[in-house]
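Right, one structure below, let's go through it.
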Amino acid sequence: MKIPCCSAVKQVDPEVFAAIRGELLRQQNKLELIASENFVSSAVLEATGSVLTNKYAEGYPGRRYYGGCEYADVVEQLAIDRAKEIFGAEHANVQPHSGSQANTAVFLAALDPGDRILGLDLNHGGHLTHGMKINISGKFFESHSYHVSPKDCQVDFDVLRSKAKKVRPKLLIAGGSAYPRALDFTAYREIADEVGALLMVDAAHIAGIVAAGLHMNPVPYSDFVTSTTHKTLCGPRGGLILCKKKHAKAVDSAVFPGTQGGPLMHIIAAKAVAFKEAMQADFVDYQKRVLANAAALADGFLSRGVDVVSGGTDTHLLLLDLRKSGITGLELQNRLDQVNITCNKNTIPFETESPRITSGVRLGTPALTSRGFNTQDMDLIAGLIADAIHDYDAKKDRITREVATLCERYPLYADL
Ligand SMILES: Cc1ncc(COP(=O)(O)O)c(C=O)c1O
């Protein structure tokens, strides 16, 4: 496979071509440990670069505001049907351009300005669209946060229940960006029912694990489930909303015309392809390896004296707590960048540093698992990162060499 229109880009715009080429080499020659990133299949990449980018298709299959939508209808209906089947959902909207757009659309569907929402605090693993004060979710709604327990850094449902009883939110939000533990959606549902709230689960990070049946499925317990399609779900960058039939009309009109115009049909085609891939038996095997790799990575740190928030992980991601290592998240992110390991600094629960500095680093295994890395490799990588924490100046050249060897062992997009 070739990068779509790569040779034409080279001819028309050498500067952009050089950047695309540079990005390909970066992905091939560095270890990608950002928990929210992945490498799509050649089929998803092709669909993303297809002629469907040319098509306006405002509306929904069979109900469009433009002519010539017969093929747009085919791909969108395929994506909808597959999303419903994978997650057992009554209704799916595959048009949100991103996870944030999906969340905003649910807010528009479920809330009036000024209504109360209750989501997991950003520093405790939540997402900025769950009520951060400068996000639309915190500006247009009265946002409140719940926190993880200082005991084990996990959601304490008794504490959440009393907070929910005090706040009486119209929408309770579960899920987050840096929460490494499995979530119990029955407990969320019970609390939502007790306080008369709607329940939205943001499954952006865990969607692929759910699709493989390896994490509790939020769909039966929630009014709305939102997701990105580009993380564990292995699709193109984009968003997804699943909901009960009774919310279908409100969700569809909140996406279009409520918060978006024309859908990105090339992306929706790529979502359909990714969903088909997620329905294959080898997808379950892939997700099992993602989880085993994350567990091995966490064990690798713990055995080398590096703290892991909550003592480990049940998912694809983990958070290093660097407080006792004498290094900040920013410093470790910078050191790792220099030895070709890519990650992001991240606040940790009960953080004392600013979000630009942080005491933590978030790591995830979806991307390296897509390249073929196994649990032994994860132990090796934990060792390299522990060396970067404890003995960087002496070890950085050796770490860089070992990273290069690993990247060579697991080629990525070799035919591009
Ligand atoms: C839990 C969660 N929700 C929503 C989003 C937003 O997705 P996007 O970046 O596609 O807007 C993210 C992104 O990382 C996320 O982790």
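Counting Lys and Arg as +1 and Asp and Glu as -1, what is the net charge of the other residues whose Cβ lies under 14 Å from the Cβ of SER354?
Values: positive: LYS345, ARG356; negative: GLU331, GLU351, GLU353.
Around SER354, the charge tally is -1.
If you stretched the chain out fully between GLU190 and ASP156, how much longer would it get, using 0.36 nm times the residue separation minus the C-alpha to C-alpha distance?
On the way: separation 34, 0.36 × 34 = 12.24 nm, distance 1.37 nm.
Difference between extended and current length: 10.9 nm.
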HIS247 accessible area, 1.4 Å probe, all protein chains in place, Å² to nearest 10: 30 Å²
Shape call, the stretch 98-212: gyration tensor on alpha carbons, a/c limit 1.5: rounded
Rounded to the nearest 10 Å², the accessible area of ASP387 at probe 1.4 Å: 30 Å²
Of all accessible heavy-atom area on the stretch 7-92, the percent that carbon and sulfur account for (1.4 Å): 54 percent
FRET efficiency, 1/(1 + (r/R0)^6) with R0 56 Å, evaluated for ASP115 and CYS6 via beta carbons: 0.70
Accessible area (Å², per residue) of the stretch 46-278, counting only protein heavy atoms and a probe of 1.4 Å: 39 Å²
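How much length is gained on full extension from LYS288 to GLU15, taking 0.36 nm per residue of separation minus their Cα-Cα distance?
Values: separation 273, 0.36 × 273 = 98.28 nm, distance 4.03 nm.
Between LYS288 and GLU15, full extension yields an extra 94.2 nm.
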In Å², nearest 10: area of LEU25 left accessible to a 1.4 Å probe: 70 Å²
Mean separation of Cα contacts under 8 Å (6+ apart) over length of the stretch 328-416, as relative contact order %: 27 percent
Separation of alpha-carbon centers, the stretch 92-133 and the stretch 357-409, rounded to whole Å: 33 Å
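If DNA, RNA and ligands are ignored and the probe is 1.4 Å, what is the ranking of THR229, THR405 by accessible area, most exposed first?
Numbers: THR229 0, THR405 75 Å².
Correct descending sequence by accessible area is THR405, THR229.
What does the charge add up to near PHE301, with Lys and Arg as +1, Asp and Glu as -1, over the other residues with Cβ less than 13 Å from its Cβ?
Details: positive: ARG304, LYS324, ARG362; negative: ASP299, ASP307, ASP321, ASP379, ASP387.
Once positives and negatives cancel, what remains is -2.
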Residue of ASN346, ASN135, ASN334 that the Gaussian network model of the chain assigns the largest fluctuation, springs spanning Cα pairs under 10 Å: ASN135
Pair ALA404, GLU85: separation of 7 Å Cα→Cβ label points (nm): 4.7 nm
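Based solely on its DSSP helices, what 222 nm [θ] is calculated for the chain when runs of n ≥ 4 H residues each add -39,500 (n - 2.57) and the sum is averaged over all residues, nearest 500 deg cm²/dmol? Walk me through the intermediate numbers first.
Working: 16 runs with 183 residues, N = 416.
Using -39500 (n - 2.57) per qualifying helix, the result is -13500 deg cm²/dmol.
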Residue pairs, from the table LYS139/LYS231; LYS84/LYS245; LYS170/LYS244; LYS151/LYS288; LYS170/LYS231; LYS166/LYS246, whose Cα atoms sit over 20 Å apart: LYS139/LYS231; LYS151/LYS288; LYS170/LYS231; LYS166/LYS246
R0 of 45 Å, Cβ-Cβ distance THR53-ARG168: FRET efficiency to nearest 0.05: 0.50
Proportion of all alpha-carbon pairs of the stretch 76-141 beyond 18 Å (%): 47 percent
Qualifying chymotrypsin sites (Phe, Trp or Tyr not before Pro) for the stretch 360-416 [loop in DSSP, other Cβ within 10 Å: at most 15]: TYR413
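For the stretch 284-409, just say rounded, prolate or oblate: build the C-alpha gyration tensor, square-root its eigenvalues into a ≥ b ≥ c, call rounded for a/c under 1.5, and beyond that prolate if a/b exceeds b/c, oblate if not.
Numbers: a/c = 1.79, a/b = 1.18, b/c = 1.52.
Cα axes put the stretch 284-409 in the oblate bin.
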Value of Rg/Rh across the chain [Cα atoms, Kirkwood radius]: 0.97
Summed side-chain charge close to ASP379 - residues other than ASP379 whose Cβ falls under 11 Å, Lys, Arg +1, Asp, Glu -1: -1
Residues of type aspartates and glutamates that LYS324 reaches as a straight line, Cα spacing below 18 Å, ignoring anything fewer than 8 places off in the same chain: ASP152, ASP299, ASP307, GLU351, GLU353, ASP387, ASP391
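Using the Kyte-Doolittle scale, which helices in the chain average at least 0.0 and also have C-alpha atoms spread 24 Å or more along the helix axis, with helices defined as whole DSSP H runs? Present the calculation step by step, with values, prior to reporting the outcome.
Numbers: long enough: 70-87 (26 Å, -0.07); 281-302 (32 Å, 0.39); 392-409 (26 Å, -1.08).
Sorted by number, the helices that extend far enough and score high enough are 281-302.
The values are calculated or read from the model by the stated rules, or taken from the named source; none is laboratory data. Model, not experiment: these values are computed from the prediction. Cβ atoms come from the backbone with ideal geometry, glycine included; neighbour counts cover every protein chain shown. Heavy atoms of the whole protein, side chains included, go into the accessibility calculation; ligands, DNA and RNA do not. Shrake-Rupley method; radii C 1.70, N 1.55, O 1.52, S 1.80 Å.
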